[in-house]
Amino acid sequence: MLRRLYAIGPSLVLAGCFSGGPSESDIKEAVRPMLASDYEHIYKRENPRGPKTLDDFVNATKLGGCKEASGSPGYRCDFSVLSPGSGDRVDLTFRFVKEDGRWRRSNN
């Protein structure tokens, strides 16, 4: 019985990983333009002890989870980024849609 659980367990985990929504790396790519603006205009001046490069800033983004958006296409995703001023984590929720094979942040 225990062997069966060990055999089934990874399948269940993998099934959850491919649910159709964006991955953490998809989210990082989609919010990179927004983070680039924050990094250049605020972060480098107000928090010099924070991430040294834009890549470090983007890589600090953490995905909380995604679920299908109700009433509109795409997925609503919870994630956190570093606050440009304080360096604390800030939780955000945006809707992401897939267009031309890439995820992008929706404006609404």
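For the structure I just gave you, tell me whether residue 84 is more than 14 Å from residue 104 (Cα to Cα), in contact with a Leu (Cβ under 8 Å, 6 or more places away or on another chain) and modelled with pLDDT under 90. Break it down into steps so the answer makes sense when it comes.
Working: more than 14 Å from residue 104 (Cα to Cα): yes; in contact with a Leu (Cβ under 8 Å, 6 or more places away or on another chain): no; modelled with pLDDT under 90: yes.
Spelling it out, it is not the case that residue 84 is more than 14 Å from residue 104 (Cα to Cα), in contact with a Leu (Cβ under 8 Å, 6 or more places away or on another chain) and modelled with pLDDT under 90.
Yes/no per residue for (1) assigned to a loop (DSSP other than H, G, I, E, B); (2) of a type in the set (Ser, Thr, Tyr); (3) surrounded by 11 or more Cβ atoms within 10 Å (Cβ to Cβ):
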{"position": "56", "(1), (2), (3)": "no, no, yes"}
{"position": "66", "(1), (2), (3)": "no, no, yes"}
{"position": "70", "(1), (2), (3)": "yes, yes, no"}
{"position": "73", "(1), (2), (3)": "yes, no, yes"}
{"position": "94", "(1), (2), (3)": "no, no, yes"}
{"position": "107", "(1), (2), (3)": "yes, no, no"}
Would you please list the contacts, defined by Cβ atoms under 9 Å and residues six or more apart or on different chains, that run from a residue in segment 52-68 that is free of Cβ contacts under 8 Å to residues at least 60 places away in the same chain and closer than 16 Å to residue 40 by Cβ to a residue that is among the basic types (Lys, Arg) and outside any strand (DSSP E or B)? 54/32; 58/28; 58/32
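The values are calculated or read from the model by the stated rules, or taken from the named source; none is laboratory data. On a predicted model such as this, the values are computed, not experimentally measured, just so you know. Neighbour counts run over all protein chains shown; Cβ positions are idealised from the backbone, glycine included.
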